[in-house]
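Notes to accompany the following structure.
The values are calculated or read from the model by the stated rules, or taken from the named source; none is laboratory data. Everything numeric here is computed off the predicted structure, so don't read it as measured data. Note that each Cβ is placed from the backbone with ideal geometry, even for glycine, and that neighbours are counted across all protein chains shown. The accessibility values were calculated without ligands, DNA or RNA, using every heavy atom of the protein model including side chains. Shrake-Rupley method; radii C 1.70, N 1.55, O 1.52, S 1.80 Å.
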Amino acid sequence: MSRPFTIRSGFGFEAVPAADEAIHSAARRRLDSLTKPLGALGSLEPLAAQVCAVQRTLKPAIVRPVAVVFAADHGVADRGVSAYPRAVTAQMVQNFLAGGAAISVLARLQGIELWIVDAGVDADCGSHPRLIDAKVRRGTRDFVEQSAMTPEECEQALRRGRAVIDQVIPAGGNTLLLGEMGIGNTAAAALLMHGLTGIALGDCVGRGTGLDDAGLERKRATLAAAAARRAPPRDPVELLAEFGGYEIAMLVGALVAAAARRMLIVVDGFTVTVAAALAARIDGNVLGYCVFGHCSAEQAHRALLTYLEVQPLLDLGMRLGEGSGAAVALSLVRAALGLFTDMATFEGAGVSEKST
């Protein structure tokens, strides 16, 4: 990754402290002392050590987890870059609130407190105890013709993402799951990924909600036209304003704010991973607090995870968004912590260690 940019003081963010390396090392030593061959728990072992480093303890636990789904519309959606019309964004917000969406079901199953944020839906979402109205504007502008957001709107969205974290995290809560909803947002995420990584734009574009071959070519041509209008800026906030979405900007703000609170952050799919990459450009310590729940079926997601040098917990071919992959992955995080804290050591159990 490139050297992180310095966060701008006007956003009101605290600096993110690094995860605790001494605790991380102590956690690895404990893992090596448990009644199992070295490394026998595979990816669960570095996961447990990471959570220990984030929580700064050798008695890690998931406490009062919260999932936040940020929703917004995109002006470019009118160009047919999604298999669904933009009206679906508002309809899905109502489905979340009614409890019928995948993330709603998974949140109930996992005991996760679920919040929905109207970051910029092109509709009146009404009122609901679990709905936060943080709307900046009713959808971004069409970035093929002009910047998606003004600089002021982008900074407002970043600040509102931070404010959401301040609002929804309960006393003692230490775990945040992040999701998104927005027809057209994989198009925005593809341009953002291209600008962040330098990976060829065509390799950053996928089928999103299920485009056919003709739709995929239309999406690629649309994004190429946007990139031809203005080359993606290097500064992450300028890049966000040019090609991003209000929900993506709020995700970035939420990521930095949650990491500054020393929370464990479970990242969902492609769009949230793009937001995490942007947040890491703003403050390089953010990624130390992020667990990447899964690798989605969106073709660019695997390349982005490789670029960030992180390993996803699951690879199930999911491509729903909403935070659904993060919610499924939380069960693995809990398993890793249970094994770390409750397994016996060789010495404690009187079990002979490997012969030398």
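Some points to look at:
Residue by residue, here is whether (1) surrounded by 17 or more Cβ atoms within 10 Å (Cβ to Cβ); (2) within 25 Å of Glu113 (Cβ to Cβ) holds:
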| residue | (1), (2) |
| --- | --- |
| Pro312 | yes, yes |
| Gly317 | no, no |
| Gly325 | yes, yes |
| Leu330 | yes, yes |
| Val333 | yes, yes |
| Ala336 | yes, yes |
| Thr341 | no, yes |
| Phe346 | no, no |
| Ser352 | no, no |
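- Considering the conditions (1) surrounded by fewer than 23 Cβ atoms within 10 Å (Cβ to Cβ); (2) in contact with a Ser or Thr (Cβ under 6 Å, 6 or more places away or on another chain); (3) polar (S, T, N, Q), Asn174 is excluded by exactly one of them, (2).
- Condition broken by Ala119, with the remaining ones in (1) open to solvent by less than 40 Å² (accessible area, probe 1.4 Å); (2) within 16 Å of Leu320 (Cα to Cα) satisfied: (2)
- Among the conditions (1) of a type in the set (Asp, Glu); (2) within 23 Å of Glu298 (Cα to Cα); (3) open to solvent by 30 Å² or more (accessible area, probe 1.4 Å), Asp142 misses just one, which is (3).
- Screening the stretch 145-163 for residues that are part of a helix (DSSP H, G or I) and open to solvent by less than 20 Å² (accessible area, probe 1.4 Å) and picking the one that is nearest to Arg220 (Cα to Cα) gives Cys154.
- Within the stretch 164-181, the set of residues being in contact (Cβ under 8 Å) with a residue 40 or more places away in the chain and in a helix (DSSP H, G or I) comprises Val164, Ile165, Asp166, Val168.
- Residue match in the stretch 22-41 (condition: outside any helix (DSSP H, G or I), within 24 Å of Gly253 (Cα to Cα) and open to solvent by less than 60 Å² (accessible area, probe 1.4 Å)): no
- Flag: Asp124 matches the condition of being under 30 Å from Phe143 (Cβ atoms), without any contact (Cβ under 8 Å) to a residue 24 or more places away in the chain and either assigned to a loop (DSSP other than H, G, I, E, B) or open to solvent by less than 10 Å² (accessible area, probe 1.4 Å) (or both).
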